[in-house]
1. Could you tell me the extents of the protein assembly as shown's C-alpha atoms along the three principal axes, largest first, rounded to whole Å?
2. Given q = 0.09, 0.10, 0.14 Å⁻¹, what are the Debye log10 I(q)/I(0) values for chain A, with equal point scatterers placed on the Cα positions and solvent ignored?
3. Please name which of B:Ser44, B:Leu30, B:Gly12 has its Cα lying farthest along the dipole of the stretch B:1-47 towards the positive end, using unit charges on Cβ (Lys, Arg +1; Asp, Glu -1) and the Cα centre as origin.
4. Between helix A:241-254 and chain A, what is the angle of the helix's C-alpha long axis to the longest principal axis, kept within 0 to 90° and rounded to the nearest 10?
5. At a 10 Å Cβ-Cβ cut-off, how would you order B:Cys326, A:Cys65, fewest neighbours first?
6. Quick one: if you stick a label point 7 Å off each Cα along the C-beta vector at B:Ser233 and B:Phe780, how many nm between them?
7. Just want to confirm a number: the relative contact order over chain B, from Cα pairs under 8 angstrom separated by 6+ residues, in percent.
8. Indicate the helices, whole DSSP H runs only, in chain B that combine a mean Kyte-Doolittle hydropathy of -0.5 or more with a Cα extent along their long axis of 27 angstrom or more.
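Just so it is clear, none of the values below were taken in a lab; they were calculated from the coordinates. Just so it is clear, the structure is predicted and the values come from calculations on it, not from any experiment. In this analysis, Cβ positions are derived from the backbone assuming ideal geometry, glycine residues included, and neighbour counts consider all displayed protein chains.
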Amino acid sequence: MKPAPFKYIEVADEEALTSALADYGDDARLLAGGQSLVPMMNFRVVSPEVVIDLNRVGALSYIDCRDDVCRIGALTRHAMIEDSDPLSRRCALLGQAVRNVAHRAVRNRGTTGGTLALAYPGAEIPLALMTLDTDIILRSKRGERRLGMKDFVLGALDTSLSGDEYIRQVEIRMPPPGSAASFVETSRRHGDFAIAAAAVVAARDDHGRLDYLRAGVAGGTGAPVRLTALEEALSGDDPDDGRMADSVHEAIAAIEVFGDHHYPEDFRRHVLKGVLQRALKDAIVGSERRHVR
Amino acid sequence: MQIDRPFPQIEGRLEDARLLFGRGRYIDDLPVGPSTLHAAFTRSPYGHATIAGINKDAALAVDGVVAVYTAADLGAVLDPFPSIVRGAPEYRGIATGKVRYVGEPVAVVLARDRYAAEDGVSALDIAYEALPAVVDVDAAAAETAPLLHDDFGTNVVWRNRYRYGDPETAFREADRIVGIDLKFPKYNSTPLETYGVIAEYLPETDGYVIHGNFQGPFSLMPVLARALRVPDSRIRMVVPQDIGGSFGIKAMIYPYMGLIAACARLAERPVKWIEDRAEHLLGSASGTDRNSHIEAAVSRDGLVRAIRMNIRENVGAYLRAPEPSCVMRSLTTFSGPYRIESGEIEAACVLTNTLPTGLNRGYGGQQYMFSLERLMDAIARETGIDRIEVRRRNFLKAAEFPYRTTTGSYYDSGDYHGCLERALDYLRNEGWERMREELRASGRLVGIGVATCVHSAASNIGYVTLALSPEERAKRGYNAKSGTNDFAHIALDASGRLRVQIGTAGAGQGHATAVAQIVAREFGLGVRDIDVIDRIDTETTPWTITTGTYASRFSVVVGGAVQRAAARLADHLRIIASSLLDAPPDQIDIEEGMIRVRNSNSSLSLRQLAGAAQWNRGDLPDDVVQLHVSESYGAPNLRSPDSENRVNAAATYGFMADFAMVEIDPVTFVPRVLKYIAVHDVGTAINPQLIRGQIAGGIVHGLGGALYEHLDYDESGQMMSASFMDYLCPTASEAPQMSIDHFDAKSPFTVLGVKGCGENSAMSAPAAIASAVDDALSEFNGSIAELPVTPPAIWRQVAGAS
Ligand SMILES: Cc1cc2nc3c(=O)[nH]c(=O)nc-3n(C[C@H](O)[C@H](O)[C@H](O)COP(=O)(O)OP(=O)(O)OC[C@H]3O[C@@H](n4cnc5c(N)ncnc54)[C@H](O)[C@@H]3O)c2cc1C
């Protein structure tokens, strides 16, 4: 478990980062928290010729919540999200998701950009971002691009990043005040990637009707999936148990789910339904309570 | 003279300061010279394949690579490792002609450093031709299965049948026969520290110096010496002061010691190899997985009269020493804590395209306890008698000890009913049943499970020879085996300080602390007044074939030797004092560092006595100046097996009463152990804190096997749990709330009355947890027959029921 030889470049600002990427492009890998890249290199699953360390680019590490938008720099550690007051007030889903990522030691290193670029199926932060209305800002010498999460994550370990690009920032349009969030995941041990996870945010209008509903699932789905049909079907009057169960069933039947050696497809579908139903109930009941208050 | 005082206790352990401040000295901390080469193994990516060709050129061209050796090269100085079973397929520790499991060493690259060595591994060009693989033990035993060792003609590498008492009559007369089929999984110990070897060849003596984190048993040293073609004493084995966890797995480092030593000889330079995490999962050793059928002849009132068992053990790609010993606990203590007077056991070891097996904390205990305790639960279910009541009815009674089982095991002492009752007190006081009802009422799946098991300790090396038939053992020229022995050395220096030397190859158990307590008690001193050296260098440390830390033997055997040495030294000191104080030795007491004449004011300090004995020898009578004492101790009642395959397999037999409370999520089916009770008869408790630590660790180790850890392979022989992403070790978050207590039914046979405690719930927890899962799934008529209990497995069971 020693990496193959590589050239190490440390960059101190975005300009140097951009040119290093322009120079080395496809032969390079960015080193952020290193919580995935380093083990992959040690296993020689990847053997980049160049490693560009961006840990010194302080300008990429921030959480900036203003008006209805929250901007998170790519180098922001998971632990910073966990500890952020504005985020926990306005975007509780992300905080809940982050608490399901590994253990604190890993969260002290792992970064927002890293987990997005990796696009590991069953990763919690990408699911939360997919569920909320999120844009990803990418940058290269050629310029800047803005992609919706759906266009950014293409599948398991697959994104639209080009070789010379880096993730600069995540932009979340915050759910309305008074919304309730629920992140439910199942894993065999505390801190593992999710076997199945569901994220739901719900909020009500002045009349108490559900007018904001966001729902997504991950785990066995390749990329995390936003369930827009379910969101539409369940908005408005509060669904009864039957309507909710039917929608959940339809939603999970409609998506592609992969089985593997440990968790066959039919089991995954079963637990996806289970966690989704729980998250929906939690969030819908929670939004009721918040509304009454 | 018999001292009767409690063992002095201390906060923490003598070892703590060293270990907790990072001053432990592990294998990778040992300094090596600049000429030392670093090794990396090329390992098979295939479960089963022919090696069509190896081209070393590209690897040798890598900067820093010095040599590349394959089996063909190493064979010049390394023979196959001898097996317990005569005629078993050759085991060389490195692939010859074929690879037989993923992770099998195929070549060793030696280089300037480990990085370059791994670059050499990446560059090495090996052509394979894939062959069909077989990983399931029953599939491998079938006649049509692909053969692992073509010349051997079958994958069934060993089989034997054992019969005790009169099982035929018992089954004929049974009111009911209860039988179940079970699968026990392949898992490991994952010590924090992996294997490490530093070896050097000394041409001037034709000998080797091997540093390695080898835990024993030292009966494997002759195996190694035979492979390296040198007399036993030409291997100077040095075990570093600290080992970062051993658990049996560190016994199985021996093939790597052979390979690295052979590399050092061929390269004419010292060679160092530190196993990495991935290698440890793929290529170290594992516990043995087993498919089995077990059935009981049961009377109307739930008494078990006889047991029949059919065991198919999956030993992986090679049968290597000390296999097939993993089977033997299933014979020698097949009746567990119950009065079962007849039994018939048929056992086979089968080769498959998986990692070869070896010791894993409990060696065979967890497998047979799972069978026997699952059977007791099945009997309870089928007879309608309560699970605990069935056990109580079948238990041996306190008055029956010492008790000779039908297999020859000689149970020294016990009060199984009393110990179980103590565990039930915890269960009642903690309100387990009320909690279960409340949680169930709120829609959760919760269950309580039980396991009651015998914990044999300080194994008789003779049990290993049950692998041979009585006829083979009766042949001329056969050397019988029996016993378990060890040494202790104690010395008083001129300043009056006591120093004890032992060689246990401990791995953080706190041996030095316990030894200091034994000696401190004898001399009425404080624990910190005693210095303990616990290190092995076979050139200077006395050792025996049975030396090592395994089979929960430390307190029984090493503790026994230490106690004897201390008592003998104390006797010497009394004789010396008698001449200095002019009083008969039996009137002299030693306590708190003072030597006193009873009922008088006459005394001197230990320091004065030591000073006089060291500096003023001339004035003392000639025969009383022994300030160094070595004692060996052999555990009692251990003979070689008789012609009926009866043998007392261990020096002492403890008892364990375990309860587990499990919750299963009703939607995702993720199981969790919420609470655990372990009340164990460990005999005399030298240090309750050390015992607690052992049992807590054992519970989590057993929890790993029950719910999480699984070295599993797909059909092609790929390991599906080759990193910690998929090989799930329980962490602190998964550990249950534990209530741990010990119960003292002193052994009448061991020196201190101790019974050993190192394997404990690592053996019983899989059974207790399976029992709890059954109870949690009672509305679905669930019955766990296979571990680990995973969410998909529970889901299938529940879906099948509804
Ligand atoms: C023991 C352990 C448990 C874990 N458990 C979980 C878990 O339960 N859930 C979970 O979601 N994750 C888990 N992780 C992963 C971890 O939380 C990180 O999310 C992950 O490692 C990626 O973040 P990083 O900053 O470490 O990225 P790195 O490892 O540094 O990089 C990962 C990849 O992203 C690329 N990259 C990094 N930053 C950028 C950027 N700004 N632009 C473009 N590409 C970039 C790198 O080049 C590399 O290819 C676990 C990790 C460990 C070690």
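1. For the protein assembly as shown, the Cα extents along the three principal axes come out at 100, 74, 72 Å.
2. Calculated log10 I(q)/I(0) at the listed q: -0.44, -0.54, -1.01.
3. B:Ser44
4. Here the helix axis deviates by roughly 30 degrees.
5. A:Cys65, B:Cys326
6. About 6.4 nm, to one decimal.
7. After rounding, I find 16 percent.
8. Length and hydropathy pass: B:559-581.
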